[in-house]
1. Which of Leu70, Ala41, Ser53 sits farthest toward the positive end of the charge dipole of the range 1-153, with +1 on the Cβ of Lys and Arg and -1 on the Cβ of Asp and Glu?
2. Are any of the pairs Lys33/Lys57; Lys106/Lys143; Lys49/Lys125; Lys159/Lys189; Lys90/Lys125; Lys143/Lys189 more than 18 Å apart by Cα-Cα distance, and if so, which?
3. With θ set to phi - 60°, apply the Karplus curve 6.51 cos²θ - 1.76 cosθ + 1.60 along the range 98-112 and write out the HN-Hα couplings as whole Hz, x wherever there is a Gly or Pro.
4. For Asp95, what is the net charge nearby, where nearby means another residue's Cβ is under 10 Å from its Cβ and Lys, Arg count +1, Asp, Glu -1?
5. Around Ile119, which amide H atoms from residues at least 5 apart in sequence, or from another chain, sit under 5 Å from its own amide H, with H modelled in the peptide plane?
6. For the range 29-104, which GluC sites (Glu not before Pro) pass both filters: DSSP loop (anything but H, G, I, E, B) and at most 13 other C-beta atoms within 10 Å?
7. Could you report the chain's accessible area per residue, 1.4 Å probe, as an integer in Å²?
8. Using θ = phi - 60° and the Karplus form 6.51 cos²θ - 1.76 cosθ + 1.60, what ³J(HN,Hα) does each residue of the range 90-97 get, whole Hz, x for Gly and Pro?
Amino acid sequence: MKSVCINLTNTFKTVKHKTIAPETISTYLGYFKNAFLIDNAVRYDVKGKKYISTPLKYYFVDVGLRNARLNFRQQEESHIMENIIFNELKVRGYDVDVGVVEHNSKDANGKSHRNYLEIDFVANKGSRRFYIQSALHVDDEEKRTQETNSLRRVNDSFKKIIILKDNIEQWQDDNGIQYVGVEQFLLDKAFLS
């Protein structure tokens, strides 16, 4: 939470020319969470099997209230869809974290780099776990590679899913990643069974 508060403090300082202490922001985020206006997901190192304390990722419990408060100015489909999927997973009783997958790569000069890829949701309920990506589209191979990159680096047998905005026929690729439309996901309560 500290890193989120510092980022918000910096935003207030540069955009609004106001100085707000990180503790104040943390207190207000706590108030919003206690009032059930927001919820948060903790970052989880998938390979290391441990939680990363910061930064948390926040979601609105009611997207309609969020939109009304912002006077319907920020209609970012990808963020709203991700928020809706988060809320649906919580309603279905899942503990929801944000997955982080570390991998090493080499640049053109042969120098090693440590990279971190994000999995939108790691949904856990009892012994069941699902890795879920939210994506508007995977129209071309470049976009599909971008969305599946983190999922392909998880070496366990839990189901990996990409939820798309489009109403598509459910299918599975060669890597075992399942693709489903958001409407089908939301309406089929047994989908994650």
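The values are calculated or read from the model by the stated rules, or taken from the named source; none is laboratory data. None of the values given here were measured: they were computed from a predicted structure. Please note: Cβ atoms are built from the backbone with ideal geometry, for glycine as well, and neighbour counts cover all protein chains shown. These accessible areas exclude ligands, DNA and RNA; they are computed on the full protein's heavy atoms, side chains included. Shrake-Rupley method; radii C 1.70, N 1.55, O 1.52, S 1.80 Å.
1. So the residue we want is Ser53.
2. Working: Lys33/Lys57 12 Å; Lys106/Lys143 22 Å; Lys49/Lys125 16 Å; Lys159/Lys189 16 Å; Lys90/Lys125 10 Å; Lys143/Lys189 28 Å.
Violating the 18 Å Cα-Cα cut-off are Lys106/Lys143; Lys143/Lys189.
3. Values per residue, Gly and Pro as x: 9, x, 10, 10, 8, 8, 9, 9, 10, 7, 4, 8, x, 7, 7 Hz.
4. Residues near Asp95 contribute +2 overall.
5. When sequence neighbours closer than 5 places are left aside, the close amide H contacts are Gly99, Val100, Val101.
6. Glu76
7. Here the residues of the chain average 60 Å² of exposed surface.
8. Once θ is set to phi - 60°, the couplings for the range 90-97 become 5, 4, 6, x, 8, 7, 10, 10 Hz.
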